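The values are calculated or read from the model by the stated rules, or taken from the named source; none is laboratory data. This one's a predicted model, so the numbers in the text were calculated from it and none came from an experiment. Note: ideal-geometry Cβ built from the backbone for every residue, glycine included; neighbour counts use all protein chains shown.
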Amino acid sequence: MEEAWSRDSASILLGMTPQNTLSERSVSRRWVLGGLSATTALVVTGCAATSASTTTSSSAASSATTSAAAAATSSSAASTTTSAAVEATAAATPSARANARTVARLARAFLATLDADQKATVLQDYSLTNAENWSNLPQGLIGGGGGPGGSTSSSGGRVGISLGDLSSAQLKKFNTLMKAATGSSAGLGWDEITMHLDADDYLGENGGGDTYGRENFYLAFLGKPRAKGTWELQFGGHHLAVANTYTDGQLVGATPSFRGIEPNGRFTWDGETMKVMRRKERAFTAMLASLTSAQQSTAQLSDVYSDLALGPGNDWQFPTTREGLRVGTLSAAQKKKVLAAIGTYVHDVADADAAVIMKRYRSEINKTYVAWSGTTALTERNDYVRIDGPSVWIEFSMQGGIVLSGNHPHSVWRDRVTDYGGTGS
Amino acid sequence: MQHSLQRLLRVATGALAALVAAAVLLLGTAGSASAHVVPSSTVELAVTDSDVVATVEIPLDDLEAATGIDLGDETQADVDANADAIEAYLLEHFTPTSDDGTEWTVTEGDLTVVSAGDSATTGVYNALETTFTLTPPAGTDAAEEEQSFDLGFDAIVEKVATHTVIVTVASDSTDDDFSGAYEVGTVKRDTVTNEVESLHIDLDSGTSSSAFLDMVQLGISHIREGTDHQLFLLTLLLPAPLLAMPASATTRARGRRWAGRVGGVTAWRRIGATTLAFTLGHSITLALGTIGVPVAERWVEAAIAISILVASAHAVRPLFPGREALVAGAFGLVHGLAFSETLRALDLSGWHLVVALLGFNIGIEVMQLVVVALVLPPLVLLSRSRAYEPLRLLAAALTGVAACGWLAARVGWANPVADGADQLGDWSLPALTALWLGALLALVVGGARRSPAAGEAARPSRSGG
């Protein structure tokens, strides 16, 4: 017996020593972070919470030594999804499970078309830091300066491969993959994403320049796409973030999902005229319009919202108090309008997954709140609408134009339970 | 013995939990990633020994949204026409107070419309610029009061829930060592509570507590990156649980060797002394290097590789038994010079330097203790087993090889050993987990067997428990 464990621990220590011994600086931090996680698991189970996910440092530190700052913001060790998130999606239907398997298979098929360098670019660690590394900004504005209100990701922007670096055969595989992972409804899901990419091309051609256009959108797999374990399909660029987290062959998180658009009005690109977020905007205005004036005034927020409260970088910061009008007090027809608005975000993910998620949101609809600020037309700057339930969180905010004149929306769908598949640390 | 080991383990576990909690706290505090493209307000403080002049810039759109005042085309004339209402609003929402709650006197300057923002991110927009003179209460030492006060600024954010006010110290004539503008914080809503987070200005600490935490974080990340520092200490501690036996008649030809093991208390005392000595050593040179003692970077890096080589040799055969602490302290001096590189790059002086040194060193210590606390307890447990000797030798040998590779690379010969080493970090999590599980298994098995573990016969009886 003694012999047995001695041998075991021998191999353990042997396995351990080399990386003590031989590691280069950038590698070693994983070592220690790995240690942090290991201890967390072994010693202080459950207390870890926001642990190893490090954060951007500001001022002195980051400006002085970029490498140190990069380290300070670098990845946490592998994280796991919470049981709550798995529970929330435990009702995954056979077709949803089948779809998750298909997505993983198509992801592998996409990988198979890549060369070694491309593969290394696409395949990234599954960590909260990588998962949280999304933005509404175009890639070119994340790394360098950023807006005055926000420090920027010191990692220099999104991870993953640019669509501009894919061959047409690879792009075909990418399209097939994304089509399977996103919804098939007209004007939502994949259809909306294709219009979105057109819109950004349009923006590039109409004053935006090289910072805009589909080659500034990035695809990454956080973790290997497999039937077992956790991985995230991360795709995003200007005004877009897709974050599908799969654990053990089912979708355990479809959020944070960001949609915004400029040009917000109708535009023509490649012979087609489109209005990218039409369905979402219409669903919101229809929802607000269905309310009586008394209900509208209950739902109206006293504060002004010039932006999303829970945009990129503001993770797991849901308000403790829900504001506005409780949907449980509404008529069946009005509830349907609220669910329809929710549906324009949920149906951005694959139909079978959307059905599972909608079932959950429907069951919670009476405890869900609707709130708005500005005007109910949702066309003016500072117009704002929010749907806040036990799980669902959707915000829509109208803002001034950046490249084009005219206002444009930002919106985010989050889930109080299953954001990042429940990964909170 | 079993008892004392278990007690030690409990103590170590408790300390470890506290350390991890501290690290979690430190790593988690400075978070502010985002991608704001909506315009923000700014408050720039110019501190003199009689008052603080705050230059405030507010996007006019947000001013309109917060006050409900219609500024039409946002021209200077539009602002002038509404000057009284705007001034009244701003004065109502700018009430700095001393720490004892006494309000300061606030006077407001002219309102000017300026152009702000940039076309790439926020777009170009019109903003209101004005100055406030903030005067500490009469009868107090103004310069003293200014070192620590509540800014009391909640204009715009009290109404526009998504707005951010960035506050900087632009100049400070009360600080002889003022070395450039720095950010003291932001005023914004906490989305969880929907309350405005008030901002306390603390000039005394140089750059506010968050800057201090930044330095702590920098120290932590420096050690996280600097495996060589950790490796030196860990390798030096590898034989800590063991007893150095003098060469006996039969083994004289082979010289001294590690045999048997010392008691848990002795082992921990050694570990503590060695770690502390290393800390003292590198703290001294960190300070010296930072304040400008010249450092030959390349030779320092090479000397660090040598220190690891020496430690690994010592782990094989006792070279300086009982004097580990002294050696740790001596080489600590070398490692400290390397640490100082980071701080020198910050180019700090005066009070800022003191704060930075303190914070950076604390960060280094925290991370170092975390690593020691992670790796040493299982090693001490495993040292009871016969397996420890081959483990120690192999660990030492591998460390030695790596140190040689490193040394070569640092004097200018890139080599595959150093390159190969770079790839091994990926195994850390499973290996460390396995190490702990192995050690805990050893504890359980050892407990169940209730018989002396390997080498216990050589244990000095006084250290038993």
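The set of residues in segment B:124-156 that are without any contact (Cβ under 8 Å) to a residue 24 or more places away in the chain and within 36 Å of the chain's Cα centre (by Cα) comprises B:D141, B:E144.
Does B:T164 count as of a type in the set (S, T, Y), crowded, with 18+ Cβ neighbours inside 10 Å and over 32 Å from the mean Cα position of the chain (by Cα)?
Working: of a type in the set (S, T, Y): yes; crowded, with 18+ Cβ neighbours inside 10 Å: yes; over 32 Å from the mean Cα position of the chain (by Cα): no.
Judged against the criteria, B:T164 is not a match.
For segment A:309-332, the criterion of being away from chain B (no Cβ under 14 Å) and under 19 Å from B:V38 (Cβ atoms) is met by no residue. Among the candidates B:I284, B:I306, the residue that is part of a helix (DSSP H, G or I), surrounded by fewer than 16 Cβ atoms within 10 Å (Cβ to Cβ) and in the same structural domain as B:Q230 (by TED's automatic domain parsing) is uniquely B:I284. Here A:R266 fulfils each of the conditions (1) within 14 Å of chain B (Cβ to nearest Cβ); (2) free of Cβ contacts under 8 Å to residues at least 12 places away in the same chain apart from (1).
Considering segment B:119-153 alone, what residues qualify as being polar (S, T, N, Q) and within 14 Å of chain A (Cβ to nearest Cβ)? Within segment B:119-153, B:S119, B:T121, B:T122, B:N126 qualify. The C-beta contact set for segment A:279-307 (first residue more than 13 Å from chain B (Cβ to nearest Cβ), second residue among the charged types (D, E, K, R), distance under 8 angstrom, 6+ apart or interchain) comprises A:R279/A:E192; A:K280/A:R259; A:A283/A:K337; A:A286/A:K337; A:M287/A:K337; A:S290/A:K337.
Note on segment A:195-280: enclosed strands (runs of 3 or more DSSP E) holding 2 or more residues that are within 19 Å of the chain's Cα centre (by Cα) are A:218-222, A:230-237, A:240-247, A:250-253, A:257-260. Applying a threshold of 9 Å to beta carbon distances and a minimum spacing of six or more residues, or different chains, the list of pairs starting in segment B:299-321 at a residue that is polar (S, T, N, Q) and ending at one that is in a loop (DSSP other than H, G, I, E, B) and buried (at least 23 other Cβ atoms within 10 Å of the Cβ) reads B:S312/B:L238.
Considering only residues that are touching a helix residue (DSSP H, G or I) at 6+ places or on another chain (Cβ under 9 Å) and either more than 12 Å from every other protein chain (Cβ to nearest Cβ) or farther than 27 Å from B:A88 by Cα (or both), which ones fall in segment B:154-166?
Hit for segment B:154-166 is B:A155, nothing else.
Take segment B:167-181 and flag every residue that is within 12 Å of chain A (Cβ to nearest Cβ), surrounded by fewer than 20 Cβ atoms within 10 Å (Cβ to Cβ) and assigned to a strand (DSSP E or B). Scanning segment B:167-181 gives a single hit, B:T168. In this structure, A:E192 does not satisfy being among the charged types (D, E, K, R) and assigned to a strand (DSSP E or B). Scanning segment B:361-419 for residues that are among the β-branched types (V, I, T), farther than 25 Å from B:R344 by Cα and either touching a residue at least 24 places away in the same chain (Cβ under 8 Å) or outside the structural domain of B:L237 (by TED's automatic domain parsing) (or both) yields a total of 6.
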